Amino acid sequence: MARAIRGVGESATNHAQTVEEIRAKLACANASTLPSLERSLASDTRKGVISALNAARKRIAKETAEQARLEGLYTFQKDFANQSGASVVVGLDEVGRGSVAGPLAVGAVVLPEEPRIALLNDSKQLSPEQREEIAKEIKEVALAWTVQYIEPSYIDAHGMTASLIAAFRKAVKAIEDQGFAVDLILLDGNPLHFDKRERNIVKGDAKCASIAAASVVAKVERDTLMVELSSQYPEYGWDQCKGYASASHIEAIKERGLTPLHRVSFCQSFMQETLF
């Protein structure tokens with residue numbers, strides 16, 4: 001009988017809380033506090049409570065996974081630096097490689113171990129709004145950062161590989177000019193052998209914190225530039241396509257020809273003979 005009375009008492013205690021009150025507690029729960037809440041709500045069969053509990057479990061599982069992903073970005077870079085005996089590590093990434101208009105951009109970032117930048121990720125995995133916020137934080141937290149450009153005329157004259165090498169060298173020099181003696185250069189993608197300190201990491205923007213940061217600042221800076229350049233040539237819609245070969249951009253090229261900001265070598269398949 002005593003056991004039955006305790007059970008009723010527990011149920012009564014839980015039900016003394018409204019569903020709204022329980023939702024509020026669960027909304028504030030974290031991985032440490034959720035287990036005790038789960039135990040206290042085990043006998044509560046109200047649909048609203050069960051739904052709120054499931055939502056809290058999913059939220060915390062997502063937050064835990066995100067914390068582990070972010071930790072992995074920084075641990076990967078730290079381990080790489082320790083193996084190389086490097087104290088100053090710069091991450092590099094390019095944006096605009098496949099664009100048919102506008103410059104090639106390369107970002108370079110030197111990050112401290114702390115503070116961590118929440119939600120830092122490959123720029124392609126982030127919304128434009130997230131990129132803007134994260135880029136702002138990167139610039140505040142980074143020990144050094146830069147974005148360097150290679151213009152379309154250089155790309156046409158020298159090709160993409162030479163343009164990438166020139167851009168990466170400019171970016172590293174810009175970091176060094178800020179007073180940092182770079183020991184290790186972490187480069188997203190395949191080897192370019194442009195510097196003896198270079199180490200390439202395939203899909204590095206999703207694995208390494210400084211490369212991810214470089215991808216974000218380069219993307220935000222280049223996108224902003226393309227919006228500004230669009231005001232000079234509004235017919236091409238660069239504020240929307242950022243210089244890539246969207247259907248409307250290709251149609252505008254066919255109708256109006258190329259501007260001085262187009263990469264002629266990239267537009268051969270759909271350009272008119274007459275340029276302006």
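The values are calculated or read from the model by the stated rules, or taken from the named source; none is laboratory data. Bear in mind the structure is a predicted one, so any value in this text is a computation, not a measurement. As a convention, Cβ positions derive from the backbone with ideal geometry for all residues, glycine included, and neighbour counts pool all protein chains shown. To get the accessible areas, we keep the full protein, side chains included, count just its heavy atoms, and leave off ligands, DNA and RNA. Shrake-Rupley method; radii C 1.70, N 1.55, O 1.52, S 1.80 Å.
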Q) Somewhere in segment 260-271, is a residue at pLDDT 95 or above, over 30 Å from Glu133 (Cα atoms) and open to solvent by less than 20 Å² (accessible area, probe 1.4 Å)? A) yes
Q. For Lys207, which of the numbered conditions (1) under 23 Å from the mean Cα position of the chain (by Cα); (2) open to solvent by less than 70 Å² (accessible area, probe 1.4 Å) fails to hold?
A. (2)
Q: Can you tell me which residue within segment 156-177, out of those that are aliphatic (A, V, I, L, M) and without any contact (Cβ under 8 Å) to a residue 24 or more places away in the chain, is farthest from Val106 (Cα to Cα)?
A: Ala157
Q | Selected residue (criterion: least open to solvent (accessible area, probe 1.4 Å)) from residues of segment 170-204 that are of a type in the set (Gly, Ala, Ser) and not in a helix (DSSP H, G or I) | A | Gly189
Q. Is it the case that segment 57-73 has a residue that's out of contact with any Cys (no Cβ under 7 Å at 6 or more places or on another chain) and in a loop (DSSP other than H, G, I, E, B)?
A. no
Q: Quickly run through segment 124-165 and pick out the residues that are open to solvent by less than 60 Å² (accessible area, probe 1.4 Å), of a type in the set (A, V, I, L, M) and part of a loop (DSSP other than H, G, I, E, B).
A: Leu126, Ala142
Q | Which numbered condition Asp223 fails, given (1) of a type in the set (D, E, K, R); (2) over 30 Å from Ala118 (Cβ atoms); (3) surrounded by 15 or more Cβ atoms within 10 Å (Cβ to Cβ) | A | (2)
Q. So which residues in segment 228-249 are open to solvent by less than 40 Å² (accessible area, probe 1.4 Å) and either more than 24 Å from the chain's Cα centre (by Cα) or without any contact (Cβ under 8 Å) to a residue 24 or more places away in the chain (or both), if there are any at all?
A. Ser230, Tyr236, Gly237, Cys241, Ser246, His249
(Q) Return the residues of segment 75-98 that are in a loop (DSSP other than H, G, I, E, B) and within 22 Å of Ile134 (Cβ to Cβ); say none if nothing qualifies. (A) Gly96, Arg97
